[in-house]
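Engineer: The structure follows.
The values are calculated or read from the model by the stated rules, or taken from the named source; none is laboratory data. As the structure is a prediction and not an experimental result, all values here were calculated from the model. Here Cβ is always computed from backbone atoms with ideal geometry, including for glycine, and neighbour counts include all displayed protein chains. Just so you know, the surface numbers come from the protein's heavy atoms only, side chains and all, with ligands and any DNA or RNA stripped out. Shrake-Rupley method; radii C 1.70, N 1.55, O 1.52, S 1.80 Å.
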Amino acid sequence: MTYRHILVPIDGSETAFLAVDQAVQFAKAFGSQITVVDVLMLDPYIADEYIRTGKTNDLIERARTYLLKNLEQAKQKFETAGIAVETRLLEGESVKEQIVKAAEELQADLIVMGSHGRSGLKKFILGSVAQGVLNETARPVLIVR
């Protein structure tokens, strides 16, 4: 199997950048196209006006700036390895849904993402984006820890 298009969701964490490193290796081996995404999660209580009217606020703009910085760091890792990369900042109320939607729209052959490795009660309370993506997509997912 070859992976023509790899989706790499990031969140700025150390494990996300370990996933970037793994995706670099896959891209080199298969000549894959890479798309890196980060998701601006729009909490309906904090971002209500933005969701309804598009009017932003300081909190949203600070988050956007942080996420764009993360995307730029990931892009640099791929470009340093000689791999062309596209980045996208996604927005939505559910991170996992935005990742799954992006994978479908891009027709990604593989999703490479990090997991914080939470288990037990922490996983139950906090949820797991990686677990959610695994449950919601039929596409291959490589989880890096």
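Engineer: Give me the 1.4 Å probe accessible area per residue for the chain, excluding ligands and nucleic acids, in Å².
Structural biologist: Details: 8270 Å² over 145 residues.
Per-residue accessible area for the chain comes out at 57 Å².
Engineer: Here is a further query. Which of these values of Rg and Dmax of the Cα atoms in Å was calculated from the structure shown: [x] 16.1, 52; [y] 14.2, 46; [z] 15.2, 46?
Structural biologist: [z]
Engineer: Calculate, in nm to one decimal, what ARG145 and PHE30 gain on full extension: separation in residues at 0.36 nm each, minus their alpha carbon distance.
Structural biologist: Details: separation 115, 0.36 × 115 = 41.40 nm, distance 2.21 nm.
Gain on stretching ARG145 to PHE30: 39.2 nm.
Engineer: Next up: Packing-wise, with mean Cβ within 10 Å as the measure, how do 39-45, 107-113 rank, highest first?
Structural biologist: Values: 39-45: 14.9, 107-113: 22.0.
Top to bottom by mean Cβ count within 10 Å: 107-113, 39-45.
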